[in-house]
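> Structure incoming, see below.
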Amino acid sequence: MQEVLSYPQDWLTRRSANHGMDLTLDGKVWINSDPYGDRDDYALAASDLFKATGRYRQAWVRGYHLRNPDVPYRESKRLIHVDCSARRWSTELAAYYDRDGRSINQSGQTAYEAVIPGTYAEAWLEMLCQE
């Protein structure tokens with residue numbers, strides 16, 4: 001449970017977590033970016049949100065895709081970068097896992113692109129860029 005201790009407990013309880021939080025077996029706290037029950041369940045690492053400052057920010061995003069039959073993987077993790085002022089984002093690294101947790105694919109850096117209103121990327125940017 002070391003992850004929980006990497007930032008003040010009172011910060012975690014004050015943090016806007018409109019859609020709840022998850023605690024994974026490795027002790028990491030993830031703050032959900034979308035309502036429970038969506039086809040894809042995304043969350044940002046609380047430790048990254050705690051450290052996020054400045055115009056350019058980054059965070060790990062974990063996705064569970066158990067209810068999405070359109071993707072060949074069940075879990076994804078990606079390191080995203082956002083430019084808060086320009087409302088752009090990119091992925092530095094992404095990894096995809098099967099239902100047993102085995103890595104099935106990885107991809108590298110993508111170019112910055114505009115954040116489209118109403119998308120997961122907009123929710124991630126707003127979580128990362130809030131002061």
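The values are calculated or read from the model by the stated rules, or taken from the named source; none is laboratory data. What you see is a predicted model, and the numbers here were worked out from it, not measured in a lab. With ideal geometry, Cβ positions are generated from the backbone for all residues, glycine too; neighbour counts draw on all protein chains shown.
> Does region 39-56 contain at least one residue that is within 23 Å of Asn105 (Cβ to Cβ), surrounded by fewer than 17 Cβ atoms within 10 Å (Cβ to Cβ) and at pLDDT below 90?
yes
> Could you please find all residues in region 106-121 being free of Cβ contacts under 8 Å to residues at least 12 places away in the same chain and more than 15 Å from Gly63 (Cα to Cα)?
Scanning region 106-121 gives Ile116, Pro117, Gly118.
> Output the residues belonging to region 21-57 that are of a type outside the set (A, V, I, L, M, F, W, C), in a strand (DSSP E or B) and within 14 Å of the chain's Cα centre (by Cα).
Those that are of a type outside the set (A, V, I, L, M, F, W, C), in a strand (DSSP E or B) and within 14 Å of the chain's Cα centre (by Cα): Asp22, Asn32, Asp41, Tyr42, Arg57.
> Scan region 58-72 for residues that are touching a His at 6+ places or on another chain (Cβ under 6 Å) and either at pLDDT below 90 or part of a loop (DSSP other than H, G, I, E, B) (or both) and jot them down.
Filtering region 58-72 down to residues touching a His at 6+ places or on another chain (Cβ under 6 Å) leaves 58, 71.
Within region 58-72, just Val71 meets the criteria.
> Within region 111-131, can you find the residues that are at pLDDT 95 or above and assigned to a loop (DSSP other than H, G, I, E, B)?
Matches in region 111-131: Ala111, Tyr112, Val115, Ile116, Pro117.
> On to the next question. Tell me which residues, restricted to region 23-38, are closer than 15 Å to His65 by Cβ and loosely packed, with under 15 Cβ neighbours inside 10 Å.
Tyr36, Gly37
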